[in-house]
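The values are calculated or read from the model by the stated rules, or taken from the named source; none is laboratory data. As the structure is a prediction and not an experimental result, all values here were calculated from the model. As a convention, Cβ positions derive from the backbone with ideal geometry for all residues, glycine included, and neighbour counts pool all protein chains shown.
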Amino acid sequence: MNAQAQQAVVRYLVDAITTRLENVDLPADPITEDSRFEDLGLDSINLVELALLVERELHVVVTDAQLADWGTVGAAGEHIAGSVTDSSTLPQVAHRGGGS
């Protein structure tokens, strides 16, 4: 894993949390690597949704319990990036998070 891969996964997670999870009332502050899932208002259902997105799109199996244990967007990004076995998913992640 490298820092670029981790940043791509973090951008993916931020994008997923802000645009793709349902029934999330996010705080006004921007989401950063230090943002805690709990502080973002993500409940267990949201974490299951996020875990399923990661599995489907990044081909990395994670559970809602793992996301909760990791606690922050950055810690989750680090663990997930370290488990990516198909590096071809990373450019897609970086592109999605890049907004173009």
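Kindly indicate the residue of the range 1-43 that is in a helix (DSSP H, G or I) and in contact with an Asp or Glu (Cβ under 6 Å, 6 or more places away or on another chain) and also nearest to T63 (Cα to Cα) among those meeting that condition.
It comes out as V10.
If a residue has to be more than 17 Å from D15 (Cα to Cα) and part of a helix (DSSP H, G or I) to count, how many in the range 70-86 make the cut?
Matching residues across the range 70-86 total 4.
For the range 21-35, which residues satisfy the criterion of being farther than 13 Å from I80 by Cβ, surrounded by 13 or more Cβ atoms within 10 Å (Cβ to Cβ) and in contact (Cβ under 8 Å) with a residue 24 or more places away in the chain?
The answer is L21, I31, S35.
Within the range 1-18, track down each residue that is modelled with pLDDT under 90 and surrounded by fewer than 17 Cβ atoms within 10 Å (Cβ to Cβ).
M1, N2, A3, Q4
In the list E38, E55, which residue meets the criterion of being closer than 14 Å to A76 by Cβ, surrounded by 13 or more Cβ atoms within 10 Å (Cβ to Cβ) and of a type in the set (D, E, K, R)?
The conditions single out E55.
Across the range 58-100, which residue is surrounded by the fewest Cβ atoms within 10 Å (Cβ to Cβ) among those that are at pLDDT below 90 and among the aliphatic types (A, V, I, L, M)?
Only one residue tops the list, namely A94.
I need a count of the residues in the range 44-69 that are touching a residue at least 24 places away in the same chain (Cβ under 8 Å) and in a helix (DSSP H, G or I).
10
If I go through the range 1-39 residue by residue, how many of them are among the hydroxyl-bearing types (S, T, Y) and under 20 Å from E55 (Cα atoms)?
The total comes to 3.
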